[in-house]
Structure formats: structure tokens, C-alpha cells
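To start, the structure under review is shown below, and the notes come after it.
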Amino acid sequence: NAGVMQNPRHLVRRRGQEARLRCSPMKGHSHVYWYRQLPEEGLKFMVYLQKENIIDESGMPKERFSAEFPKEGPSILRIQQVVRGDSAAYFCASSPASGGEENIQYFGAGTRLSVL
Amino acid sequence: RKEVEQDPGPFNVPEGATVAFNCTYSNSASQSFFWYRQDCRKEPKLLMSVYSSGNEDGRFTAQLNRASQYISLLIRDSKLSDSATYLCVVRGGGYNKLIFGAGTRLAVHP
């Protein structure tokens with residue numbers, strides 16, 4: 001059973017370009033979460049999605065950032081017009097169900113975005 | 001005040017030592033509690049869930065005190081391979097988002 005798959009693992013963009021980060025959840029998981037980790041900081045929640053629905057986007061910056069989880073295909077985190085401050089590790093996690101004591105989130109290896 | 005607070009360390013201990021990490025959280029409505037481990041430039045991996053009754057997994061023991069909003073992790077007989085950053089994680093009420101502490105760094109030396 002493959003784990004959470006993220007690609008690319010490393011992404012380099014120049015200021016003003018767009019970054020697209022992809023995440024395929026574990027088999028059987030229907031809930032996807034995106035987190036961002038700035039250098040020397042803890043992970044910060046960005047957005048929680050189910051298929052075709054954004055459930056909680058309270059951690060998403062108001063501008064330039066968007067996320068989707070279509071009926072078919074991976075979840076996409078999109079950053080438009082990247083700036084140097086967007087350089088970070090972006091982790092995706094998935095879980096099988098909502099709520100409950102054992103709703104464990106499993107993390108992908110992350111995408112490291114570097115903005116030049 | 002941060003939602004989840006941890007001592008950043010680093011804790012430098014010799015092999016075989018016992019080391020304890022503490023964590024406090026601010027939201028009394030928090031429902032679930034975890035310790036994750038993160039190696040340098042890698043993804044967080046679940047170490048163990050934390051229950052009010054306390055739980056043990058081999059050399060690792062976790063405790064939760066809901067009244068004090070306090071979580072602890074005890075590592076006995078430290079191994080070199082235990083060197084990592086330990087993340088205290090809380091899942092809040094309502095939605096499923098995880099709130100991470102900034103992590104406590106542990107370095108185990110020969």
C-alpha cells in the first residue's frame with residue numbers, strides 16, 4: 001500500500017512564476033491536508049479538503065494560494081506569483097475518515113519550494 | 001500565546017539516558033493528542049497517540065493531563081537512532097486540522 005505521494009520533491013521557481021504542488025493520498029483515504037513548514041519553524045496548517053470540497057481553508061493566505069482535490073486525480077496546491085517568502089517545505093497528509101480518536105494523518109515526503 | 005508550546009532544546013544526552021519532553025496546549029476543546037517525530041528535512045512520522053490514561057510503546061511513554069493541558073513524552077534507554085525533533089501535536093475541536101508545536105530537538109551521543 002503506497003504511502004502519500006507528493007511531487008515534485010524539489011521545485012525551483014523565480015519570483016512571479018507559478019508553483020503547482022501535487023499530492024496523491026494513501027489508497028483508501030479521502031481526506032487531504034496541506035501544511036507548510038518555514039525554515040526552523042513548526043508545521044502550520046493551510047487547508048483541509050475532501051473530494052471536490054474545501055472543508056477548512058482557515059490557514060491559507062488570502063491571496064495567491066489555492067487548493068483543489070478533484071474527483072479524479074491528485075490534490076493540487078497552487079501558488080501564483082511566488083515570492084521569496086513562499087520558500088518552504090509543503091507537506092501533504094491524508095486520513096481515511098473524519099473525526100474519531102484514531103483519525104491519524106499520514107504525511108508525504110513533502111515538496112521543497114525554493115524561490116529565487 | 002502559541003497554541004502548542006514546547007521547549008525547543010536541544011537536549012543532548014548520552015546513550016542509555018532517560019529524557020523527558022513536555023508540551024502545553026491552550027485550547028481546552030482539543031480532542032486528540034499525538035507525538036510525531038521528524039528527522040532532518042524529512043516528513044513527520046507518527047510516534048504515538050496520547051491518551052488520558054497514559055500509554056506506553058516499548059521505551060516510549062506518553063502522558064496527558066487534560067486539567068493542566070499538559071502532555072509529556074518519556075524516552076528510556078536512549079539510542080543514537082532516537083536523535084530527531086519531537087513534535088507535540090494537538091487536534092482541535094470541529095475540523096481535523098493538526099496544530100503542531102515547534103518541536104524539541106534531541107541529540108543522543110555515544
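The values are calculated or read from the model by the stated rules, or taken from the named source; none is laboratory data. None of the values given here were measured: they were computed from a predicted structure. Cβ placement follows ideal geometry from the backbone for every residue including glycine, while neighbour counts extend to all protein chains displayed. For accessibility, only protein heavy atoms count, side chains too; no ligands or nucleic acids. Shrake-Rupley method; radii C 1.70, N 1.55, O 1.52, S 1.80 Å.
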Reach of B:Lys79 by Cα under 13 Å, taken over aspartates and glutamates that are not fewer than 8 positions away in the same chain: B:Glu15
In the A-B interface, the accessible area buried, summed over both sides, Å² (probe 1.4 Å): 1900
log₁₀ of I(q)/I(0) at q = 0.07 Å⁻¹ - the protein assembly as shown, Debye sum with one point per alpha carbon: -0.23
Most mobile listed residue (B:Ser32, B:Ser49, B:Ser68) in chain B, GNM with C-alpha springs under 10 Å: B:Ser68
Neighbourhood net charge (15 Å Cβ-Cβ; Lys/Arg +1, Asp/Glu -1) for A:Leu38: +3
Filter on A:Lys27/A:Lys62; A:Lys27/B:Lys42; A:Lys51/B:Lys2; A:Lys27/A:Lys51 - keep pairs with C-alpha separation over 25 Å: A:Lys27/A:Lys62; A:Lys51/B:Lys2
Choice from B:Glu43, B:Glu56, B:Glu15 with maximal GNM fluctuation in chain B (Cα, 10 Å cutoff): B:Glu43
Chain B, accessible area per residue, ligands and nucleic acids excluded (1.4 Å, Å²): 48
Cβ-defined net charge surrounding A:Met5, 12 Å radius [Lys, Arg +1; Asp, Glu -1]: +2
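If you roll a 1.4 Å probe over chain B with all protein chains in place, what percent of the accessible area is carbon or sulfur? Present the calculation step by step, with values, prior to reporting the outcome.
Values: 2570 of 5300 Å².
Carbon plus sulfur share of accessible area: 48 percent.
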Under 15 Å, Cβ to Cβ, from B:Leu74 - net charge with Lys/Arg +1 and Asp/Glu -1: -1
For chain A: accessible area per residue (Å², 1.4 Å): 51
Restricting segment A:38-116 to trypsin sites (Lys or Arg not before Pro) in coil, as DSSP defines it, with at most 16 other Cβ within 10 Å: A:Lys51, A:Lys62, A:Arg64, A:Lys71
Complex-versus-alone comparison for segment A:69-98, residues with a loss of 10 Å² or more in accessible area, probe 1.4 Å: A:Phe91
